[in-house]
Amino acid sequence: MIDPAVPKPLYVVDTNIFMDWQARYYPTAVFVSLVGKIDELIQEKRLRAPALVQEELDAVGTNQLSDWAQARKEIWIPNENLFAETMTIQGQFPGLLDPKAEYEEADAYVIGLAQQQDGIVVTSETPAGEKRKPKREFFIPDVCRELGIPCINLLGLMRREKWTF
């Protein structure tokens, strides 16, 4: 039984989660009920992401994913609302930024939003220590660990929500 006195968590989602979900591992044509479960989290205001994540989806996602994201405007938190947290994180963890990136990255914004709103980061990234040859010093799970922010993957979100398919 769910205790109504216990607040439900806010999930702050990284770009790769949307891509893994819809374009890689859990396609909407196969996992039809997953769309409804995600939409329910959105309607409950429990799934959010920085607007920069939507910009990344528009740049590298499928047309279907981009259309899906654009139809759910309530997910996207304006980047300027996260600027202070983002700059602090980037200053504290300069190794989080990809030195070869050609555009602004959403990682620090995702972490900043979770920090600002006491949320749980949802990402497919793995810590630097688990990579054979990491391209940078820090990844989202590394920074979350250092800052004490919970960090899970999409399957972890499904388990926390006790979803079954």
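Looking only at the range 103-128, which residues have a backbone nitrogen under 15 Å from a spot 7 Å from the Cα of L155 in the C-beta direction? Label zone hits: 123-127. Projected over every direction and averaged, the convex hull enclosing the alpha-carbon atoms of the range 8-70 yields 4.1 nm². Structure remark: mean-square fluctuation, Gaussian network model of the chain, C-alpha springs under 10 Å; the largest value among K131, K37, K73 belongs to K131.
Under a Gaussian network description of the chain, with springs only between Cα atoms under 10 Å, the residue in L57, L155, L97 that fluctuates furthest is L155.
Label separation (R72 vs Y103): 1.9 nm, computed from points 7 Å beyond Cα along the C-beta direction. In this simple spin-label approximation, E80 and K162 carry label points 7 Å from Cα along the Cα→Cβ vector, and these lie 4.3 nm apart. The C-alpha atoms of the chain define a longest principal axis, and helix 51-60 lies at about 90 degrees to it.
What is the log10 of I(q)/I(0) for the range 21-160, computed with the Debye formula using one identical point scatterer on each Cα and no solvent, at q = 0.11, 0.17, 0.21 Å⁻¹? Reported log10 I(q)/I(0), two decimals: -0.41, -1.04, -1.54. Highest mobility in the GNM of the chain, judged by mean-square fluctuation with C-alpha springs under 10 Å and restricted to E104, E55, E146, is found for E146. About its Cα centre, the dipole of the chain is roughly 580 debye, where the only charges are +1 on Lys and Arg Cβ and -1 on Asp and Glu Cβ.
Angle of helix 32-43 to the longest C-alpha principal axis of the chain, folded into 0 to 90 degrees and rounded to 10: 70°. From its DSSP helices (H runs of at least four residues, each -39,500 (n - 2.57)), the chain gives a residue-normalised ellipticity at 222 nm of -12000 deg cm²/dmol.
The count of lysine pairs in the chain with alpha-carbon distances below 29 Å, taking only pairs 8 or more places apart or on different chains, stands at 13.
Every read-out reported here was derived from the displayed coordinates using simple, explicitly stated rules and does not represent laboratory data. All values derive from a computational prediction rather than experimental measurement. Ideal geometry is used to build each Cβ from the backbone, glycine not excepted, and the neighbour counts take in all protein chains shown.
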